[in-house]
Amino acid sequence: AQDAGEYTCDSGDQQTTASLQVKVLPVLFNKELKNVETEEGGTAVLRCEISKPDTPVEWRKGGVVIQPSDKYQLKLKGSVAELIIRGVEPDDC
């Protein structure tokens, strides 16, 4: 999207100008989340794959945004996004 704009070719005597428009493609899920089951006190890993590598993602439980903490670790490596939940409790369901 940052490449959009007007471009000019100038030969000294003459010039020509054209406009470049960029259609921004939506981020899609190549691999969606799958249900996870773990024992109380264990670690759960939720993982999905997105179509645009390194695109920021937001994790939520219900409508509440999850912030990184000792309990929650958020990772984004290329096109794979992970949420790691440590010390899983029944309230984490």
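Which of the peptides 79-85, 13-19, 65-71 is most tightly packed, and how do the rest follow, going by the mean number of other Cβ atoms within 10 Å of each residue?
Result, highest mean Cβ count within 10 Å first: 79-85, 65-71, 13-19.
If the only charges are +1 at each Lys and Arg Cβ and -1 at each Asp and Glu Cβ, what is the size of the charge dipole of the chain around the Cα centre, to the nearest 20 debye?
Roughly 180 debye for the chain.
Please work out how much accessible surface E89 shows to a 1.4 Å probe, ignoring ligands, DNA and RNA, in Å² rounded to 10.
Rounded to the nearest 10, the figure is 90 Å².
Could you sort D10, D92 by their accessible area in this structure, using a 1.4 Å probe and putting the largest first?
D10, D92
If we count every other residue with Cβ under 9 angstrom of C48's Cβ, Lys/Arg +1 and Asp/Glu -1, where does the sum land?
It works out to a net charge of 0.
What is the extension gain from A18 to C93, computed as 0.36 nm multiplied by their sequence separation minus the C-alpha to C-alpha distance, in nm to one decimal?
21.5 nm
Based on alpha-carbon positions alone, could you give the equivalent ellipsoid semi-axes of the chain from the gyration tensor, as √(5λ), descending, whole Å?
46, 12, 10
For the chain, with every protein chain kept in place, what is the accessible area per residue (1.4 Å probe, Å²)?
I get 82 Å² per residue for the chain.
The values are calculated or read from the model by the stated rules, or taken from the named source; none is laboratory data. Quick caveat, the model's predicted, so the values are computed rather than measured. So basically every Cβ, Gly included, is an ideal-geometry build from the backbone, and we count neighbours across all protein chains shown. SASA here: full protein model, heavy atoms, side chains in, ligands and nucleic acids out. Shrake-Rupley method; radii C 1.70, N 1.55, O 1.52, S 1.80 Å.
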